[in-house]
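Please read the structure below before turning to the comments.
The values are calculated or read from the model by the stated rules, or taken from the named source; none is laboratory data. Source: prediction; values computed, not measured. Note that we place each Cβ from the backbone using ideal geometry, even for glycine, and neighbour counts take in every protein chain shown.
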Amino acid sequence: MKRQRLHAALSDIDQQHLTRRRTTVDGFVEPGNRVVTAVDGRTLVDFSSNDYLGLAHHPAVAAAMSECALRYGAGSGASHLVTGHGIEHARLEEELAAFVGRERALLFSTGYMANLGVVTTLAGRGELVLLDRLSHASIIDGALLSGARFKRYTHADANAAERMLEESSEDVTVLATDGVFSMDGDIAPLSQLAKACKAHNAWLVVDDAHGIGILGDTGRGSVEQAHLTPEDVPALVGTLGKAFGSFGAFVAGSRDLIEFLIQKARPYIYTTALPQPVAAATRKALEIAQREPWRRERVLALTTRFRKAAREARIPLLDSNTPIQPIMLGSSQAALQAQQELLDEGFRVIAIRAPTVPRGSERLRVTFSAAHTEEQVDALVEKLSQLRARYQTLCETESE
Ligand SMILES: Cc1ncc(COP(=O)(O)O)c(C=O)c1O
């Protein structure tokens, strides 16, 4: 873009009600309570964070981080393959591999980079990648960067994916999907996708950013919930900045897959290693998440409570049983207005607009945390129910 166009481009964005604004968190009102936060001097209850298990502000997690910083320093100083790989990284990788039942795991600095890394490494020019239409941006960017051609199948439609696998004249190397879709909260049809990928000898890559730590009998995520084996899902991506309350991500899989990523994945190789204190905090969070299954049970119970009360209040819901509960508004303007009205009442619920979601499906993205109270959830439903009376689109949206 030419320099002169920049200002006009910003005006265009603004006219479409698509300007993104950051709000600055300037304190937490109750120490250790992530859900009550201070923004611009106001106290708000946060219903948009991904801190599902309430671990981001856990004193033991924060202590692990600060103790490690005093011992090993704040920064790792270099990439993993130069001198940045430390004992905390190595231990965390072993613990993550054991947690998800894979031979090895490899830490990445972010989930975005993990998805870029795995897709660009497994697919390349002359090959075909299949993606769910609502795949996370990082999976799409991975496909773009890989140089492979890519096609998107109808959201969560395993039959459509299967047809593409069968009918494609090119070799499908990778099929990548979110486990839990980040904006809709629904779960990918993993069993059918796994079967189809096996039959066509394609890698199934599951990005379980929003499932890991929450779903399945023991919190191993959407893959556990679908009773799938490492053989069924040979490449699993998990993020550490959501349920585990810290930062970073990992890819887990066979020894060979991880070794290949170490040799080839540019988003792994050409970047400074995650600080060791972050890895130390994640280790503590992982330990607490396993020791305290009540966190997982609680966030799911709060989700159920919300859905029951929302149904009674005739608030339309999507078909999601995860802590991600979108409230569809249908336009950027309506979503922003609803966000503002909730803010005025002390709720921090973020409007999600295009291009993060398709136009016409603008929404409030409500998320729950084990740190919420029942009263906070009930108060949100009460406020949403008042909004429902005024937002036509909210009433018209198809209920389940
Ligand atoms: C499905 C999904 N994958 C990957 C990411 C990226 O993870 P990270 O925030 O660690 O970069 C996110 C969200 O940020 C996500 O929602």
Of everything in region 25-45, what is in contact with a Gly (Cβ under 7 Å, 6 or more places away or on another chain) and more than 11 Å from residue 348 (Cβ to Cβ)? Give them in sequence order. 34
Got a number for residues in region 255-276 being of a type in the set (A, V, I, L, M) and away from the ligand (no atom under 16 Å from the Cβ)? 5
Among the residues of region 199-208, is there at least one that is closer than 16 Å to residue 296 by Cβ, crowded, with 22+ Cβ neighbours inside 10 Å and under 12 Å from the mean Cα position of the chain (by Cα)? yes
Limited to region 97-113, what total is found for residues that are of a type in the set (A, V, I, L, M), part of a helix (DSSP H, G or I) and more than 18 Å from residue 146 (Cα to Cα)? 3
Here the qualifying pairs (Cβ atoms under 9 Å; residues six or more apart or on different chains; first in region 120-134 and assigned by TED's automatic domain parsing to the domain that holds residue 144; second among the charged types (D, E, K, R) and crowded, with 24+ Cβ neighbours inside 10 Å) come out as 132/178; 134/178
Per the filter on region 223-254, residues away from the ligand (no atom under 11 Å from the Cβ) and surrounded by 24 or more Cβ atoms within 10 Å (Cβ to Cβ) are 223, 233, 235, 236, 243, 245, 251, 252, 253
If we ask which residues in region 139-156 are surrounded by fewer than 21 Cβ atoms within 10 Å (Cβ to Cβ) and within 12 Å of the ligand (Cβ to nearest atom), their number turns out to be 2
Going through 97, 143 one at a time, which residue ends up being in contact (Cβ under 8 Å) with a residue 60 or more places away in the chain and touching a strand residue (DSSP E or B) at 6+ places or on another chain (Cβ under 9 Å)? 97
For region 377-392, enumerate the residues that are at pLDDT below 75 and either surrounded by fewer than 17 Cβ atoms within 10 Å (Cβ to Cβ) or in contact with a strand residue (DSSP E or B) (Cβ under 7 Å, 6 or more places away or on another chain) (or both). 392
What's the total number of residues in region 322-338 that are at pLDDT below 95, of a type outside the set (A, V, I, L, M, F, W, C) and in contact with a strand residue (DSSP E or B) (Cβ under 9 Å, 6 or more places away or on another chain)? 3
Subset of region 114-134 [away from the ligand (no atom under 16 Å from the Cβ), in a loop (DSSP other than H, G, I, E, B) and touching a Phe, Trp or Tyr at 6+ places or on another chain (Cβ under 6 Å)]: none
Looking only at region 199-222, count how many residues are of a type in the set (A, V, I, L, M, F, W, C) and away from the ligand (no atom under 12 Å from the Cβ). 6
Could you grab the pairs with beta carbons closer than 8 Å, sequence gap of 6+ or different chains, first residue in region 160-187 and more than 16 Å from the ligand (Cβ to nearest atom), second one of a type in the set (Lys, Arg)? 164/151; 168/151; 170/149
Selected residue (criterion: surrounded by the fewest Cβ atoms within 10 Å (Cβ to Cβ)) from residues of region 311-321 that are in contact with a strand residue (DSSP E or B) (Cβ under 8 Å, 6 or more places away or on another chain) and over 22 Å from residue 214 (Cα atoms): 316
